[in-house]
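First up is the structure itself, then whatever we jot down about it.
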Amino acid sequence: MKKIASFSVNHDLLEKGVYISRIDGDVVTYDIRMKIPNGGDYLSNGAMHTFEHLFATYVRNTDYSDSIIYVGPMGCRTGFYFLVRDNISHEEVITLLVNSFTFIASFSGEIPGSKREECGNYLEHDLVGARQTAEDMLNVLKDWSLEKMEYKS
Ligand SMILES: [Zn+2]
């Protein structure tokens, strides 16, 4: 089988940030890298899970809702994939992510979709961990720019 594009990225050069992973027609896949690959520190399942609920809820409640295709964690627990239609510019995506992470960083109360009948593992949530991850990524993104969205090779 051929090696898929996302495995061809040199993960040893990847730092925390937001990258354009691939573009397929009008669908743009962003690589939101929250941990350094193979760095020994990974998102916990609970934090990642709660982050997913809050991130998806937030972006699907913005004016961009119709352009959001998918939000989900990477199996390696070092980040998220974010798929949107290309009617949102890369710069708008950075702003949307900053707004999303600001929302998550200060979220309190009941995690959306975390009732037993709404979720596949409703006991495995970690709001404190999700908030810390959002805070950390806000630091990373505070001076993020279009130029930085391209993978280094
Ligand atoms: Zn869930």
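Each reported figure results from applying straightforward, stated rules to the coordinates on display, with no laboratory input. Only a predicted model underlies this, so the values are computations on that prediction, with no experimental measurement involved. Neighbour counts run over all protein chains shown; Cβ positions are idealised from the backbone, glycine included.
Laid out as a table, the results:
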read-out	value
Translational D in µm²/s for the range 1-40 (Stokes-Einstein at 25 °C, 0.890 mPa s, Kirkwood Rh from C-alpha pairs)	216 µm²/s
Estimated vicinal HN-Hα couplings, Hz - the range 21-30 in sequence order (Karplus 6.51, -1.76, 1.60; Gly, Pro = x)	6, 6, 10, 10, x, 9, 10, 10, 9, 9
Value of [θ]222 nm, deg cm²/dmol, for the chain, DSSP H segments ≥ 4, -39500 (n - 2.57) each, nearest 500	-10500 deg cm²/dmol
Net charge dipole size for the chain [Lys, Arg +1 and Asp, Glu -1 on Cβ; Debye, nearest 20]	400 debye
Along principal axes, Cα extents of the chain, largest first, whole Å	42, 37, 36
Amide hydrogen neighbours beyond the local backbone of residue 74, cut-off 5 Å, H modeled	79, 80, 81
Dimensions (Å) - the range 1-84, Cα atoms, principal axes, largest first	36, 33, 24
Protection proxy ranking of 5-12, 62-69 - average other beta-carbon atoms within 10 Å, highest first	62-69, 5-12
Eligible aspartates and glutamates near residue 115 by straight Cα distance, threshold 17 Å, same-chain separation 8 or greater	52, 124, 126
Dipole moment magnitude, nearest 20 debye, the range 1-88 about Cα centre, only Lys, Arg, Asp, Glu C-beta charged	280 debye
Under 19 Å from residue 16, Cα to Cα: lysines that are on another chain or at least 8 residues apart	35, 142, 148, 152
Values of log10 I(q)/I(0), in the order q = 0.14 Å⁻¹, for the range 61-132 under a Debye, Cα-only, solvent-free model	-0.56
For the range 73-89, 3J(HN,Hα) per residue [Karplus equation, 6.51 cos²θ - 1.76 cosθ + 1.60, θ = phi - 60°, Hz, x = Gly/Pro]	x, 7, x, 7, 6, 10, x, 10, 9, 9, 10, 9, 6, 7, 7, 9, 6
